[in-house]
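To start, the structure itself, in structure tokens.
What follows draws every value from the coordinates through simple rules; no lab data is involved. A quick note: this is a predicted structure, and the numbers were derived from the prediction, not measured. No Cβ is skipped: glycine too gets one built from the backbone with ideal geometry, and neighbour counts run over all protein chains shown.
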Amino acid sequence: MLEETKIMAEVRAEHPETEEIFKLEELLDNAGYPYFFNLREELRPTPFGALTARDIDWANFPFRIDVHGKYRQEDFMNGFAPMSVTFSSGSDHKLLEVLDMHDATVQDNAAYGKLTDDLTAAECFEILKQIFEN
């Protein structure tokens with residue numbers, strides 16, 4: 001865990017364009033909300049070794065944080081996390097976007113979710129808090 005934290009700090013320092021997603025992870029972690037951050041999974045040691053920060057193509061890495069909130073069977077059936085955060089496809093690619101799949105059904109796909117783009121980490125966090133408070 002210590003090595004993983006060191007790598008994350010290095011990534012954050014070397015790639016300032018990733019700052020908002022790391023800020024969001026800090027907010028989620030400090031609030032004690034469960035989430036999945038794909039970068040942590042990529043850097044996690046396995047019996048077969050682990051990726052290092054040098055192994056990842058940072059210009060093309062698909063950063064993603066998934067937040068499930070309270071357990072709902074349908075959240076796992078449709079294949080999408082109820083709320084996912086990635087870098088924005090809007091006008092500012094250093095900001096974040098939230099894909100809300102709460103109203104999607106098993107037959108739906110990401111096109112049926114509600115997408116909100118060009119958000120700061122704090123704005124994303126306010127949206128994500130809703131699934132824990134409701």
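Can you sort Met8, Met83 so the residue with the fewest Cβ neighbours within 10 Å comes first?
Details: Met8 18, Met83 24.
Ranking Met8, Met83 by Cβ neighbours within 10 Å, fewest first, gives Met8, Met83.
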Calculated FRET efficiency, Phe48 and Thr120, Cβ-Cβ r, R0 25 Å, to nearest 0.05?
0.10
The answer for Leu95, listing residues at least 5 apart or on another chain whose modeled amide H is closer than 5 Å to its amide H, is Ser88
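Quick one: if the Förster radius is 22 Å, what FRET efficiency do Arg40 and His93 give, using the C-beta to C-beta distance and rounding to 0.05?
On the way: r = 22 Å, r/R0 = 0.99.
Efficiency at R0 = 22 Å is approximately 0.50.
Work through the residues other than Leu27 whose Cβ is under 10 Å from its Cβ and net out their charges, Lys, Arg +1 and Asp, Glu -1.
Numbers: positive: Lys23, Lys129; negative: Glu25, Glu26, Asp29, Glu126.
Cβ neighbours under 10 Å give a net charge of -2.
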